[in-house]
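The values are calculated or read from the model by the stated rules, or taken from the named source; none is laboratory data. Note that the structure is a prediction, hence the values are computed from the model and not measured. Cβ coordinates were reconstructed from backbone atoms using ideal geometry, including for glycine residues, and neighbour counts include every protein chain displayed. Ligands, DNA and RNA are excluded from the accessible area calculation, which covers all protein heavy atoms including side chains. Shrake-Rupley method; radii C 1.70, N 1.55, O 1.52, S 1.80 Å.
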Amino acid sequence: MKKISSDKVIYTFKPKMEEVEKVLPDEIFQVETNDCFYGQIKKEEQLVTEVDFSRINPATGPIYVENAEPGDILKVEILDIELPEKGVIVTVPGEGILGEMVERAKTNIIEIDGDFCYFNGLKIPVTPMIGVIGVAPSDETGEYPTGSPWKHGGNMDTKDITVGSIVYFPVNQPGALLALGDCHAVMGDGEVCVAGCEINSKVTLKVNLIKRKKIEWPIVETKDSWMIVASGKNLEEASKEAVKYAVKYLETGLKISWDDAYMLSSMILDLKISQVVDPNKTVRAVIPKSILSLRNLFEKL
Ligand code: CA
Ligand code: CA
């Protein structure tokens, strides 16, 4: 199994990037990721205000997927997210949804034992997830720092990007150029204080292609649902984009009118907040698979 080491990182998703490894469709490989601080915080005495900010949110890659061409969909199956023994969470004055109430920077180191992490005497079940995962943006879109989410993915901080899920990305450039990092042992919807339980990890993935099909925003597939993951300047803009494409997929997938798809969405679609703390905010529109099958979603694109 190929391993891509955690010293091969990018801080910007650019349309043109030099790959560090090539993989084939159907290939299983492992990506070593750094935590969002590039491992700069190891003790509680170390505050986030002292770290080198040019090394925040490293994403390991880019990884070139053979045969991926613009106009395809890249399918990324998340097979495993390995947990380290320690994670870190911080507060930063001015950051997070209550930023103005944060009086000082604080660091907590969190012990992790495989199934649980421990915080102030609480035993919290882990739900490992990937915060930053994306591909090269289109030439028209231009470059995005790894800390920003957009149509190419990036810092989506969506807790359903977890073991057993599949993430679909639009392929904008030859080879797709996948990169990922910023894993969390656990994070709640919103990521309200600006961090989850931040960890380094070893992520095992399998990639594949859906040829000549186009999606606008990343889609996450879980056991029961499809999630259109959209971002915007604020939650309202992000919500509008997520719902717009959910309605479109229901319209084309179920062969019903746009008006009926809009009404159906109002009955069966859940709009969930992914994160409210990054430069763009992210929501996901959740469609149950009982309403829209895999075949109907992708065949009609
Ligand atoms: Ca993040
Ligand atoms: Ca993070």
Of the criteria (1) in contact with a Leu (Cβ under 6 Å, 6 or more places away or on another chain); (2) within 23 Å of ILE73 (Cα to Cα); (3) within 16 Å of ligand 2 (Cβ to nearest atom), which one ALA285 fails: (3)
Scan of segment 259-275 for residues that are of a type in the set (S, T, N, Q) and within 16 Å of ligand 1 (Cβ to nearest atom), ordered by number: SER274, GLN275
Single residue of SER201, SER225, SER274 found to be of a type in the set (Ser, Thr, Tyr), under 15 Å from the mean Cα position of the chain (by Cα), outside the structural domain of TYR168 (by TED's automatic domain parsing) and crowded, with 17+ Cβ neighbours inside 10 Å: SER274
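Out of PHE119, PHE29, which single residue is more than 21 Å from the chain's Cα centre (by Cα), surrounded by 14 or more Cβ atoms within 10 Å (Cβ to Cβ) and away from ligand 1 (no atom under 16 Å from the Cβ)?
When all the criteria are applied, what remains is PHE119.
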Any strands (runs of 3 or more DSSP E) falling wholly within segment 123-225 and containing at least 3 residues that are away from ligand 2 (no atom under 15 Å from the Cβ) and in contact (Cβ under 8 Å) with a residue 40 or more places away in the chain: 166-170, 176-184, 201-210, 219-221
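Okay, residues lined up against (1) open to solvent by 60 Å² or more (accessible area, probe 1.4 Å); (2) touching a Gly at 6+ places or on another chain (Cβ under 7 Å); (3) of a type outside the set (Val, Ile, Thr):
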{"position": "GLU221", "(1), (2), (3)": "no, no, yes"}
{"position": "ALA230", "(1), (2), (3)": "no, no, yes"}
{"position": "VAL243", "(1), (2), (3)": "no, no, no"}
{"position": "LEU254", "(1), (2), (3)": "no, no, yes"}
{"position": "LEU292", "(1), (2), (3)": "no, yes, yes"}
{"position": "ARG295", "(1), (2), (3)": "yes, no, yes"}
Qualifying positions in segment 40-62 - surrounded by 14 or more Cβ atoms within 10 Å (Cβ to Cβ), in a loop (DSSP other than H, G, I, E, B) and not polar (S, T, N, Q): ILE41, LEU47, VAL51, ILE56, PRO58
Among (1) more than 16 Å from ligand 2 (Cβ to nearest atom); (2) buried (at least 17 other Cβ atoms within 10 Å of the Cβ); (3) not in a strand (DSSP E or B) - the single one SER266 does not satisfy: (2)
Every residue from segment 171-184 that is under 14 Å from the mean Cα position of the chain (by Cα) and either open to solvent by 10 Å² or more (accessible area, probe 1.4 Å) or within 13 Å of ligand 1 (Cβ to nearest atom) (or both): LEU180, GLY181, ASP182, CYS183, HIS184
